[in-house]
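Student: Input: one structure, supplied below.
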Amino acid sequence: MRKPRDFDAELKALDDKAKELKARKVLGLGELVIATGADCLSPEELAGALTVAAETKDPAKREVWAKRGAMFYEGKSRRTRQPQRPAQAAGGDIGGTQAQQGSAKPPSGRMGAA
């Protein structure tokens, strides 16, 4: 005779896995914000920029963003294989002018919400 399935335990396991995946996604997005240098933006500025990006339907703009994102990840993987130079360690080559602008600003205490 077969053992009856414990549906409650299976549902709880699926719920736990979903919570773990969501937490991992949130952590990954936070790491991405920091890696791109976007943590120098206020939460309002970052939310506004992401809202505009999410609402944009223009395929040309999205393609440009995708290429810049691919270049970011390509540069990131290249840095993991080679020793970092001081400019790379400071994030000087990933953000271009944005990284320079962000490094000129003093810390404002908004960083805790990343």
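Student: Working carefully through the options Glu20, Glu44, find the one that is modelled with pLDDT of 95 or more and surrounded by 10 or more Cβ atoms within 10 Å (Cβ to Cβ).
Tutor: Glu20
Student: Related question: Right, Thr56: β-branched (Val, Ile, Thr), surrounded by 11 or more Cβ atoms within 10 Å (Cβ to Cβ) and closer than 27 Å to Lys76 by Cα or not?
Tutor: Details: β-branched (Val, Ile, Thr): yes; surrounded by 11 or more Cβ atoms within 10 Å (Cβ to Cβ): yes; closer than 27 Å to Lys76 by Cα: yes.
Spelling it out, Thr56 is indeed β-branched (Val, Ile, Thr), surrounded by 11 or more Cβ atoms within 10 Å (Cβ to Cβ) and closer than 27 Å to Lys76 by Cα.
Student: A further question follows. Search the range 1-30 for residues that are not assigned by TED's automatic domain parsing to the domain that holds Tyr73 and pair each with any residue that is not in a helix (DSSP H, G or I) when their beta-carbon atoms are under 6 Å apart and the residues are at least 6 apart or on different chains.
Tutor: Gly30/Ala114
Student: Here's something else I'd like to know. Exactly one of these conditions fails for Leu50: (1) surrounded by 12 or more Cβ atoms within 10 Å (Cβ to Cβ); (2) not in a helix (DSSP H, G or I). Give me its number.
Tutor: (2)
The values are calculated or read from the model by the stated rules, or taken from the named source; none is laboratory data. No experiment lies behind these values; they were computed from the predicted model shown. Quick reminder, even Gly has a Cβ in these numbers, built from the backbone with ideal geometry, and neighbours come from all protein chains shown.
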